Every structure is written in structure tokens, then in C-alpha cells.
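Below: one structure, written as C-alpha cells.
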Amino acid sequence: MGFQDYRDFVQWFCAALMGVYVLKNSYLAWLSYVQTQFVYHQQYKVSRRLMSRYLRQPYTFYLQRNTAEILRNLNVEVPDLFTEVMRDILIILTELLVILCVSALLLAVEPLSTLVAVMVLGVSSLVFYQLVRRPVGRWGKQQHYHMGQMMQWVNQGLGSIKEIRVLGRESYFLQQYRLSAAAYTDAMQRIQFINKLPRLYVETVAVIVLLLVLMLDLTQGRRPRSLLLLLSLFAMAAFRMMTSMNRIVAAVSTIRFYSHALDAVHGDLMAIAPGNPLSKFRPKLDPIGPSPLLQHSIELDRISYTYPEAQSPTLQNLSFKLRRGEAIGIAGPSGAGKTTLVDVLLGLLIPDVGEVRIDGEPLSGKRAEWQHCIGYIPQNIYLSDDTIRRNVAFGLADAEIDDAQVWRALRLAQLGSFTELLSQQLDTRVGEMGVRISGGQRQRIAIARALYHEPEVLVMDEATAALDNETERSIVQALETLRGEKTMIVIAHRLSTIRNCDRIFWMKQGCIAATGTYQDLWAHNAEFRDMVGHAD
């Protein structure tokens, strides 16, 4: 290289080596940044896409799936798939490239010894993977299942904490959670142990390979000096390839471990085909103001519906017509199909047979506009741990909320005076599921929520069933002020709630068995009369 003094050579070599390491580690830092950015950006995209798919599933999907499974897939499995599986795929690709380059160098220097070394390392790694493949897959399935069970028991335990405390059942829920947590921890402990074995295994194999190369070269009569140089090269190469093989084997085991999570997430992502009408969100409509869709009538024409996996239909050949501005009540024994009928009217369930028509037009093409017409008051009220304002204008950003409209809805629900007396008024927080307010106040917030966007149709699904008689009467009086203004559909177990309806449909075994006013049914329907006697 033209150097006259070894000291000059060493100095220049040291400077060059420093430059190489600065460039190498700068490149590796940049590569790490790019890989990390790629992994987490893909995680964000998939989690957003999965959440979008969950929100667009048919209503029957939520009747068949446990919320804990959905939470697990969104909050645990998706992050694991990218921080573990995607990361390990990148590790495999980069380490394979390293092994390829090192092997090419060794092949150029010593073809026979390199072929022997590569074959022994490759076969040994394959044998190790085959030995751990089945148990790793089994542990992955165990981890996937018991993570969902842990979330389910947390949801059930904390969601019913009042009943658990009163009944003294804490030990049962703790025991069920403990069993799932123990199984989950056992699976994670085993995979972590397995991931540490490749380093020891590959290191042992690498030493054996190095000694095999030495033995092979000795049989070829190689001189000690050249043998020392060759062994130094193979030792350095073995050190680097050993690290790569260790990481590859561990990465393959990890991917196998999380394969069940991958199947679950992929299955839910593919649950709605791109051509399905539910695959697109419905158009955003003005949050306030009635839709002009309903002008004359709502008609159900020979409706039948069977729930997935059910043996018999819940609704059978059901027909009726409801005029705009009319108030109807739906009554009947448990299991008669009352809630299913309302879910069909809400557009949540699509009939197997028959058709719902709005002003003579099929509902199927106007589902979004029709649902914008509806204010829905369920029996089980969901209130978020937020302010009264945000619970009334549910699902709207602060910039979209009209405070005047919130106050109007609260006054119609007879909650305006109560809210005005609060120190923070609309900014008062109601607590999780409304624990800081009474049952009647929770129900009134639900009514205000239903009235916020000035719906044309008001649907009540046993909304007063859990209230005391006095609170129920006050809420019924509040709703009476809306008669004539709104088309009202009321399901009620307490028949006093529907006493003043224009018509009452008496349902039995998925059919409308009788229709009339309260007085008509009292006079001519013994089952109705018997239920009134028990309910009122």
C-alpha cells in the first residue's frame, strides 16, 4: 500500500476503521428508525382498519361475539403482531442477507469447508425448529385464548361490582381470573424459555462446525500458518453467523407462537367483503334536524326473521302499517319477538323474508336516512364517563355540539331544572355508566339524547322497566307532551306505559295476535287482561 513505516500504516488504518464504524452505525441507526417507523405505521393502519370493520359489522355480529374477544384483538393482538411478528419478519430478512454475504465470502475462500459448515448449520437449525414447532403452536393457541378469557373476567367482574359485593362473590371471579392468568403466564413463560435456547443450541453447533472444518483441513495436509489464517476467518464468520442463526430461529418460533393471533385478526379484517353494502360508512348527515324521509307511513309487509343458528324464526309473516304521528304500543309475553320487531324497524336486522317500506319505498336503499329519523331509548342505558353535554350530544365532537339544542332536549326530558341547579351544569360528569346520578336521571339523559337531533320517530324499548312507579309516571308524562309531534313506537312490560297509545299490538310467538286500543284488548283478549292484572 506504499507505507514506509508500520506506524503510519496503523494510524491511517485506525482513522479508516473509525470512519467505517461511524458510517456503519449511522446507517444502522437510520435503518432502525426506518424499520420502527414502518412497523408502527402499519400497526396504526391495521388497528384503524380493524376498528372500522368492527363498527361496520352487521348487528348480528355483536349478538354472537364476546366484547372481550374484540378488545383482545384490537388492544393486544394487533400490537403483538407488529411488535413481534412484523419485527421478526424484518429480522429474518436482514439476517438472511448477512448469512448470504458471509457465506459468499467463505465460498470464495474455502468452498468445501464452507459447504460442510452451511449444511451442518442449516440442517441443525431445521431440526431444532421441527422439535419446537408443535409445542410452540400449542402454547400460542393457549396464550391467545386465555388472554381473551382474562379480559372477559375483568369485564364481568368490574362490570357487576355492586352485585358481587352484595352477594360476596369476589372469590369466584378472582379464582376464574387466576386460572386464566396462570395458563396465559405459563404459555408466555414457555415461549420466553424457548426463545433463549437457540443461542445455546446454535453456539454449540457453531463450535462443532468450526472443529469439523479444522479436522477436514488437517486431513488435507494444510500448513499450520495457513490453517491459522483460515481458522481465524471461519471463527469470525461463525461468530457473526451464529448471531444471525440464533435470531432467525428465535424469530421463526415467535411467528409460530403468534400465528393464532394472526388468524384471528385476519379473519375479522376479511369478515366484510369489499362489495358488501356494509363495507362503507353511511354518509354523514346534519346532526340536528329531522330527515324529510317519513311523510306518510311505515309499513311492514310479511316480515319473517330467524337469528343465526336459531332453530325456529323469531318473527313469522308479520304485517302492519303505522301512520305518521301515530303512537303504537307493542306488548306480549317474554320471547314473543317484541325487541326483534323493533330491531327490524330500526334497520339493525334485515328480514329473511318480506320488506319494510317507508312511504311505500323499500327501507333497504335508505337505511342511513331512515335511522337519522329515529330517536332510540333502550332499556339498558349506556352513559360514558363524561359530561352531561357530551352524553346528550352523544358521538359528536365539541365543535359540533349545539348547547341550545342540548338544553332544549334536557327540558323536553324534564331534566332541565335539575341540570340548572348543578354547579357545573352541562359540564357535570355523570361517572362511568352514570353512577353519580339516579336511575331516573340516567333514563332522562337517554331520552334527551334521543331527542337531541329532533327525530321524527321515537322508539322506546322497555325504557321504563327498571324504574319505580313514580319515576315511570313522570317520564311517561314527559313523553305525552310529544304525542302528535312524533311517531312513537313503545315496547313496554308495564302496560300502563302504553295505556294511551292510539293502537296496541299484542304479540305472541313472533306474530301479531291481536290489535286494538287498550280498552279493546282489555275487553276481548284474556291474555292481555291477565298480563295487565299482573303488571299493573
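Brief remarks on what is shown
- Residue in segment 152-165 that is exposed (fewer than 11 other Cβ atoms within 10 Å of the Cβ), over 24 Å from Tyr258 (Cβ atoms) and at pLDDT 75 or above present: no
- Odd one out for Leu50, checked against (1) under 22 Å from Gln143 (Cα atoms); (2) not assigned by TED's automatic domain parsing to the domain that holds Gln149: (2)
- Residue ID - surrounded by the fewest Cβ atoms within 10 Å (Cβ to Cβ), chosen from residues in segment 357-414 that are within 15 Å of Arg449 (Cβ to Cβ) and hydroxyl-bearing (Ser, Thr, Tyr): Tyr382
- Screening Ala327 with (1) outside the structural domain of Gly516 (by TED's automatic domain parsing); (2) farther than 24 Å from Tyr59 by Cβ; (3) surrounded by 21 or more Cβ atoms within 10 Å (Cβ to Cβ) gives one miss only, at (1).
- Residues within segment 421-476 that are touching a helix residue (DSSP H, G or I) at 6+ places or on another chain (Cβ under 6 Å), small (Gly, Ala, Ser) and modelled with pLDDT of 80 or more, tallied: 1
- Looking across segment 309-360, just one residue is within 29 Å of the chain's Cα centre (by Cα), hydroxyl-bearing (Ser, Thr, Tyr) and not in a helix (DSSP H, G or I), and that is Thr314.
- Hits in segment 414-443 (condition: under 16 Å from Tyr382 (Cβ atoms) and among the aliphatic types (A, V, I, L, M)): Val430, Met433, Val435, Ile437
- Helices (runs of 4 or more DSSP H) contained in segment 51-123 and holding at least 1 residues in contact with a helix residue (DSSP H, G or I) (Cβ under 7 Å, 6 or more places away or on another chain) and crowded, with 17+ Cβ neighbours inside 10 Å: 67-72, 87-109
- Scope segment 415-462; condition among the hydroxyl-bearing types (Ser, Thr, Tyr) and not in a helix (DSSP H, G or I); matching residues: Ser423, Thr428, Ser438
- Within segment 42-55, the set of residues being touching a Phe, Trp or Tyr at 6+ places or on another chain (Cβ under 7 Å) and either basic (Lys, Arg) or over 13 Å from Asn75 (Cβ atoms) (or both) comprises Gln42 only.
- Pick from segment 205-258, criterion surrounded by fewer than 21 Cβ atoms within 10 Å (Cβ to Cβ), closer than 15 Å to Ser113 by Cα and among the β-branched types (Val, Ile, Thr), ranking: modelled with the lowest pLDDT: Thr219
- The C-beta contact set for segment 1-30 (first residue over 30 Å from Glu95 (Cα atoms) and outside the structural domain of Leu90 (by TED's automatic domain parsing), second residue of a type outside the set (Asp, Glu) and part of a helix (DSSP H, G or I), distance under 6 angstrom, 6+ apart or interchain) comprises Phe3/Phe9.
- Residues of segment 124-141 satisfying the condition of being buried (at least 19 other Cβ atoms within 10 Å of the Cβ) and either farther than 30 Å from Ala235 by Cβ or in contact with a strand residue (DSSP E or B) (Cβ under 7 Å, 6 or more places away or on another chain) (or both): Val136, Trp139, Gly140
- Test result for Tyr21, over 20 Å from Ile255 (Cα atoms), hydroxyl-bearing (Ser, Thr, Tyr) and exposed (fewer than 11 other Cβ atoms within 10 Å of the Cβ): yes
The values are calculated or read from the model by the stated rules, or taken from the named source; none is laboratory data. Computed from a predicted structure; not experimentally measured. Heads up, the Cβs are rebuilt from the backbone with ideal geometry, glycines too, and the neighbour counts pull from every protein chain shown.
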